[in-house]
Amino acid sequence: MLRSLVFRLIVLCVAAMALSAALSPVSNAAAPSSGGEPGSYVAPPPSGEYVPLSPVRLLDTRNTGAVGPQSRIDVKVTGVAGVPAGATAVVLNITATQATAESFVTVWPNGAPRPTASNLNTSNALPTTANLVIAKVGADGKVSLYNHAGNVHLIADIAGFYQPDSGYVPRSPARLLDTRNTSPVGPQSSIDLKVTGVAGVPENATAVVLNVTATQPTAESFITVWPKGTARPNASNLNTSTALPTTANLVIAKVGAEGK
């Protein structure tokens, strides 16, 4: 369920499917350019794990050149920084800075069609913005980053990766909800969203990874995402303000009643 305390439009898209009960369980602001290089390749750890890493910078276009409008850049994410060639997904912190226009950034597996989804929203009124992304690894061990409008510098820091038998099943992003096509969510209101049996997510999935975006808010507020059928927690996933037209955040949500 999604909870909003003011009128707003909410866009929500699936970034990946996680923790299917039918699969093995899991074992477990832009920084100044450092000039550091990605770490060396290491032997892969045992399968069935999420493997955290000390953050390593894989991309910083401030050292090369900004990403232009309707342009993309491919980033090698396996065989570098301690990530083995067999990794199925990577955890990245994506930062956009020095944007010259309102735009969005999409991260998806290289070689796959670019999805109708976004991971990060940019504006020349907001010099720097960042979001965590769990990205499926694509062709040649790469992920692609797309900028829609204006020029922007992109920074990618890797924080960990998933092995093939981790119980985490990455997907190319797919949009499940966009209230701009229906109507905004009103104050102290909620909306239920089906997240299993759609976009390649099986009915027995226990949790999903979502990128939740709030846009066009009319007041300062917050968004809470929680499993349907349970009490709404005293917690928030996203904060909104009229001074910031669009905000986004990564959410790992337990699946509730009716797969919602």
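The values are calculated or read from the model by the stated rules, or taken from the named source; none is laboratory data. Since the model is a prediction, treat every value here as computed from it, not as a measurement. Reconstructed Cβ throughout: ideal geometry from the backbone, glycine too, with neighbour counts over all protein chains shown.
The set of residues in region 217-246 being of a type in the set (Ser, Thr, Tyr) and under 18 Å from residue 184 (Cα atoms) consists of 218, 221, 224, 240, 241, 242, 246.
A single entry from 224, 242, 218 fulfils the requirement of being modelled with pLDDT of 90 or more, surrounded by fewer than 16 Cβ atoms within 10 Å (Cβ to Cβ) and not aliphatic (A, V, I, L, M): 218.
Residues of region 140-180 being in contact with a Lys or Arg (Cβ under 7 Å, 6 or more places away or on another chain) and surrounded by fewer than 19 Cβ atoms within 10 Å (Cβ to Cβ), which ones? Scanning region 140-180 gives a single hit, 142. Residue check: residue 233 meets all listed conditions (1) exposed (fewer than 15 other Cβ atoms within 10 Å of the Cβ); (2) touching a Pro at 6+ places or on another chain (Cβ under 6 Å) but one, namely (2).
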